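Only one structure is covered here, and it is reproduced in the block below.
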Amino acid sequence: MKPVEWAEDHVKILDQTLLPTEVKFLEIRTAQQMWDAIKMLCVRGAPAIGVAAGYGVAAAMQEYVDQSMETYHRELEKTIEYLATSRPTAVNLFWALERMKETGRSHRNDANAATQAALEEQAKSIEKYEENACVAIGEHALTLLKDGMTLLTHCNAGGLATVRYGTALAPMLLGKERGVHFKVYADETRPLLQGARLTAWELQQAGVDVTVITDNMAGMLMKQGKIDAVIVGCDRVAANGDAANKIGTYSVAVLAKHHQIPFYVAGPASTIDVNTPTGAHIPIEERGMEEVACGFGKRTAPEGVKVYNPAFDVTPHDLITAFITDKGIVEKPDEAGIAKLLSCRTE
Ligand code: MRU
């Protein structure tokens, strides 16, 4: 099921806040609607946010095609700037918006209809890039993993967060198609339960053997020798290989190190941000207290209590066994390894 789909005059978004109990699609036609859909996590996951933003720009700009070129381009820049304020951590959002901006600027002297068509093409090519990247990541990941292994993953880095196969879930989904089977433990992922609601849902639908655990069970399973490898996605990888991902990922990485279990981070090259030197420079989104104290409508902490709710954490590169990308695998990622990978980057 596609999380984001271009429907010619609007963007169709699968509302992930309702999963796994309800499958409902939103019709997005304006920048405000797309901003809300990203902010409220109706569409979430780094690559999917980028794809959605690209299509969001294309959809929102339709109403300006019949206006002057000056108005069209002024509104285009405003729309891009506005969507960039929706969420701060996943760099794919900014990567995709930058591509839309460049496309608009390179058609500065063309008729609006031609620019609009180019923006729609650019958004489609962003989607295609992410789809191909997921397949490549899956191929590379399968070279590191063996049939029958038991994997642990955190949050959701599957088709719902990307295009089709996902990143961390790509070896499981691609493997399934090829007769390579894994047993998967999905961390529930407090506070918004992306692991329990989304990872479990999509792996179960694909027929992958998946078991949900609460986040605080991972250490015990590792100690019992039940986990062969951990594989997670990422929202932004700094130039030195430090990787931001869903809150709780860092704890899993520390546990994996202690138990000498390989810890893999999977993500497309569009998630690498060479302008962010280290993980300490990655902006970490802080979300509302109600997600922790009153998640899904059930109060779990007293009214008025202080709550801290960072949505992401950073795993230092020295805890990462390998960074699996569409361009190849970087073992023990560091600044040199990331630079080398990017020097053969074609996108
Ligand atoms: O807050 P979310 O649900 O957007 O967070 C998503 C994650 O942290 C994913 O692990 C990450 O985006 C990788 S998706 C391939």
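Read the figures in this text as sums done on the coordinates, not as results from a lab. From a predicted model like this one, the values you see are computed outputs, not experimental measurements. Reconstructed Cβ throughout: ideal geometry from the backbone, glycine too, with neighbour counts over all protein chains shown.
Residues 263, 323, arranged from fewest to most other Cβ atoms within 10 angstrom of their Cβ, appear as 263, 323. Selection among 165, 137, 149 by position relative to the dipole of region 135-343 gives 149 as farthest towards the positive end (Cβ unit charges, Cα centre).
For region 287-303 versus region 38-101, the inter-centroid distance based on Cα atoms is 30 Å. Computed from backbone phi with θ = phi - 60° and the Karplus coefficients 6.51, -1.76 and 1.60, the 3J(HN,Hα) list for region 294-303 is 8, x, 6, x, 10, 6, 10, 9, x, 3 Hz; x is used for glycine and proline. Label positions at residue 113 and residue 75, each projected 7 Å from the Cα along the C-beta direction, are separated by 1.7 nm. Three principal axis extents of region 104-155 based on alpha-carbon atoms, in descending order, are 56, 22, 13 Å. Calculated on C-alpha atoms, the gyration radius of region 262-314 divided by its Kirkwood radius gives an Rg/Rh of 1.14.
Is region 1-111 rounded, prolate or oblate when judged by the Cα gyration tensor, a ≥ b ≥ c being the square roots of its eigenvalues, rounded requiring a/c under 1.5 and prolate requiring a/b larger than b/c?
Values: a/c = 2.40, a/b = 1.71, b/c = 1.40.
Cα axes put region 1-111 in the prolate bin.
Backbone N atoms of region 46-77 closer than 18 Å to the 7 Å Cα→Cβ label point of residue 206 belong to residues 46-49. Ranked by how many other Cβ atoms sit within 10 Å of their own Cβ, fewest first, the residues 130, 303, 331, 5 fall in the order 303, 331, 5, 130. Among 21, 325, 276, 30, sorting on how many other beta-carbon atoms sit within 10 Å of each Cβ, with the fewest leading, yields 21, 30, 276, 325. Of 12/39; 146/183; 246/298; 226/332; 124/176; 257/327, which pairs sit farther than 18 Å apart, going by alpha carbon to alpha carbon? Over 18 Å Cα-Cα: 246/298; 226/332; 124/176; 257/327.
Report the convex hull volume per residue for region 198-347, counting only C-alpha atoms, in Å³.
Details: hull volume 21.8 nm³, N = 150.
Taking only Cα atoms, region 198-347 has a hull volume of 145 Å³ per residue.
Since only 31, 91, 116 are under comparison, the one whose Cα sits farthest along the positive direction of the charge dipole of region 4-131, derived from C-beta charges on Lys, Arg, Asp and Glu, is 91.
Compute the semi-axes of the equivalent ellipsoid of the chain, taking the square root of 5 times each eigenvalue of the Cα gyration tensor, and list them largest first in whole Å.
Values: eigenvalues 217, 102, 72 Å².
Taking √(5λ) for each Cα gyration eigenvalue gives 33, 23, 19 Å.
Once the Cα-Cα distance is subtracted from the 0.36 nm per residue extended length, the residue 290 to residue 217 segment shows a gain of 23.9 nm.
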